[in-house]
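Asker: Take this structure first; my questions come after.
The values are calculated or read from the model by the stated rules, or taken from the named source; none is laboratory data. In this text, all values refer to a predicted model and were calculated from it rather than measured experimentally. Cβ placement follows ideal geometry from the backbone for every residue including glycine, while neighbour counts extend to all protein chains displayed.
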Amino acid sequence: MIDFIDKSNIIFTPNTNFGKLILLLLGICILSEGLYFYLSCGLGAGPRDGLMLGLMHKFNISVSKIKTIIELSALIIGTLLGGPLGFGTVIVALTIGHTTQIAFNIGKFDAKKTRQNNLKDQFNSLFKYKKVNQE
């Protein structure tokens, strides 16, 4: 899919630093909205977002703060392991928590109150569905 988008020039890579910064900020906003969409379904969170939700519940910390802490921790650990540290990496780590909080606020989504299904819930749901259809 990425090759198709890249070859069709639907999304272009700007040549100027200003253009690249605009695209970076747009990507951060899209990522934050994506977090809202997939977490608000309650079907389960990805590993890092599951960590975010767990820490929010355990310590009663806002999405903005805990997401920033997690991203900065990943930035530090990644850098210590030899990963690239660029301007965009720092911008994402410092802004993704705030933009995620904004996306959650716009969607009136309270991550602390929304229960995420786990695998046991999913299996039970499938089993109950089959049982109802068998009767």
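Asker: Give the residue that is surrounded by the most Cβ atoms within 10 Å (Cβ to Cβ), with candidates limited to residues of segment 89-117 that are farther than 13 Å from L53 by Cα and touching a Gly at 6+ places or on another chain (Cβ under 9 Å).
Answerer: Checked segment 89-117; the qualifying residue surrounded by the most Cβ atoms within 10 Å (Cβ to Cβ) is A103.
Asker: Okay, next question. Of the conditions (1) out of contact with any helix residue (DSSP H, G or I) (no Cβ under 9 Å at 6 or more places or on another chain); (2) of a type in the set (V, I, T); (3) in a loop (DSSP other than H, G, I, E, B), T13 satisfies every one except a single condition; which number is it?
Answerer: Of everything listed in (1) out of contact with any helix residue (DSSP H, G or I) (no Cβ under 9 Å at 6 or more places or on another chain); (2) of a type in the set (V, I, T); (3) in a loop (DSSP other than H, G, I, E, B), T13 misses just condition (1).
Asker: Here is a further query. If I filter segment 40-59 down to residues being outside any helix (DSSP H, G or I) and without any contact (Cβ under 8 Å) to a residue 12 or more places away in the chain, which single residue comes out as farthest from L126 (Cα to Cα)?
Answerer: In this case the residue turns out to be G46.
Asker: Further question: Within segment 62-116, count every residue that is in a helix (DSSP H, G or I) and among the basic types (K, R). Step through it out loud before you land on a result.
Answerer: Initially, segment 62-116 is screened for residues in a helix (DSSP H, G or I), giving 63-80, 87-106.
Of the ones still in play, those that are also among the basic types (K, R) are 65, 67.
Total satisfying the criteria: 2.
Asker: Can we say D121 is assigned to a helix (DSSP H, G or I) and of a type in the set (D, E)?
Answerer: Working: assigned to a helix (DSSP H, G or I): yes; of a type in the set (D, E): yes.
The answer is yes for D121.
Asker: Does G82 meet the test of being exposed (fewer than 12 other Cβ atoms within 10 Å of the Cβ), of a type outside the set (A, V, I, L, M, F, W, C), farther than 18 Å from G42 by Cβ and modelled with pLDDT of 95 or more?
Answerer: Spelling it out, G82 is indeed exposed (fewer than 12 other Cβ atoms within 10 Å of the Cβ), of a type outside the set (A, V, I, L, M, F, W, C), farther than 18 Å from G42 by Cβ and modelled with pLDDT of 95 or more.
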